[in-house]
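Below is one structure, written out as structure tokens, with a few remarks after it.
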Amino acid sequence: MYAMDGVIKIWHKDVDQLSEENGGLVPVLLFRFFVFLVASSAMLAVIGPLGQVAFVALAIHALRGAKQSVEALGLLGLLLLGSKAIYPDGVGLFRWVILFCAFGRVMWDSLVNQEISPVPEKILGVIGLLSIWVLVGAYLVSPVPVLTILKLISFVVGVVAIIVSFYRTFDLIPYWYSWFFTLFVFSLLGSVVMAPLGLGYLRTTQGFQGIFQHPMTFGPIAASISAWLAGLYLVCNRGGMWRFLGFSCLAALFVYTSLSRTAALALGGGFLLALIASAFRRDVEQPLQFLFSAKVMTIVGFMVSVGVVFAPQLGRAIQDFVAKDGVQGDPTELFEESRGSLVARSMANFSVSPLLGIGFGVPSDLRRLNQHLETVAGIPVSASSEKGFMPSAVLEEIGVGGALITIWLLALLIRPVIHWGGFPAIWLLFASVLVNVGQAVFYSIGGPGYFMWLMIGLCYARACWGKEKYAYTMA
């Protein structure tokens, strides 16, 4: 055992039980989140730019240590994706200040405190290889090399800050489970409040956005929350776990009201993949034993009964959800209607430069490239682009070589979670990554992709915790 940031590692309790003792950290953390949200919102609304002092404080907090960096990065996710009705001025430039502060802390500890500041060497090595590949593409094929390089910097800074900070604090997984549970509860209850206030349908009159900036942002987030909480409920064998089930159902309801088909696919597909992947777990001898518990049988029986009694109503509700744009057809036709043109354009660009792609972060519509660019002092710093499907987007931007490196990176992130992460983390990981079926956000660190990487970091830390716990018990 050793101490980090004043918290001592404890091995004798199961993490899924330890994270949520009766009361636990949840009341304290929930109150802090509420105070932070209200105070920062008031400052932004009343005193304008001066209100961004809240973000400055968050950046300073990120400099204090690995634990504080994760806390700052987690709160940044709430601010970054929050509705403009709550944060009129948005996060803006300060999101990069917070990210660079967390990244700076990672680098400082790596240089000054090497002995007590471990890093996931294989993951960082693959990210370094990817960086070299992207830089070669920026020099040889990218029509906007500066844009490609800046996109690469933002990705590397964000991902390294998240993954390494989580890795260095994986012994605090019981704390992180309580912390993120509280953050998720805050997000769900805050979204409930938005409905009667009329602030949940600002972007569209159909999809519900909750406290977030868009229904297509809220849906995938709700899917990840629902997956994780449902997984915790399934594997925990103690009283009081109804909280996990209740909030998971609420999150699943928000997936439906957001009208995000991608989120629904991620939630359901993530569950199926988690069941399959659980066969390869190494932390328990019977990984799927929980499926035959009395509570699971009760839930299945209840769902079957409801399905039989309300079959017509459920059928219409599902049909309306799937055909939200008024388009009828099978899943293949619906995918072609919503994402087909984006995929076709990406593959056309890929065929022109199959090895290196067209350039990391370069929009698909090259003929109107200048219209997509956002410049600062004449320098292209970003480009608006919708690609919709991760495999085609990766092939288009960084070619076959970059796609192989991406697969390698995914394998390094997913494999330990399958072996040592536990069922809740496995489901959460797959639900978060599967969002890329409809939103190519894997290499984006400025929006929904940021939340995805937070969840990847949490799951990876849980896997590291589980592996060391298993080694400790076997010693």
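Just so it is clear, none of the values below were taken in a lab; they were calculated from the coordinates. Being a predicted model, the structure only gives us computed values, none of them experimental. With ideal geometry, Cβ positions are generated from the backbone for all residues, glycine too; neighbour counts draw on all protein chains shown.
List of remarks:
- Interchain or long-range residues, amide H under 5 Å from Lys387's placed H: Ala440
- Backbone phi angles across segment 173-189, fed through the Karplus curve with coefficients 6.51, -1.76 and 1.60 (θ = phi - 60°), yield HN-Hα couplings of 3, x, 5, 5, 5, 5, 5, 6, 4, 5, 4, 5, 4, 4, 5, 5, 5 Hz in residue order; Gly and Pro are listed as x.
- Look at Glu115, Glu397 and count the other Cβ atoms within 10 Å of each Cβ; fewest to most, that gives Glu115, Glu397.
- Debye log10 I(q)/I(0) for segment 382-464, one point scatterer per Cα, at q = 0.11, 0.18, 0.20 Å⁻¹: -0.30, -0.76, -0.92
- Fewest-first sequence of Ile127, Ile173, Ile426 by Cβ atoms within 10 Å of each Cβ: Ile127, Ile173, Ile426
- Segment Arg415-Val56, extension gain: residue separation times 0.36 nm, minus the distance between their alpha carbons: 125.6 nm
- Taking the number of Cβ atoms within 10 Å of each Cβ as an exposure proxy, the fewest-first ranking of Lys387, Lys295, Lys122, Lys469 is Lys122, Lys295, Lys469, Lys387.
- You can think of it this way: the chain between Asp283 and Ser110 has 59.3 nm of extra reach, that is 0.36 nm per residue less the Cα-Cα gap.
- Close amide H pairs (under 5 Å, H built 1.01 Å from N) link Phe212 with Ser83, residues at least 5 positions away or on another chain.
- Computed log₁₀ I(q)/I(0) - Debye formula, equal Cα scatterers, no solvent, segment 58-172, q 0.10, 0.17, 0.19, 0.22 Å⁻¹: -0.35, -0.89, -1.02, -1.16
- Cross-link pairs exceeding 29 Å between alpha carbons, from the set Lys84/Lys295; Lys84/Lys387; Lys151/Lys469: Lys84/Lys295; Lys151/Lys469.
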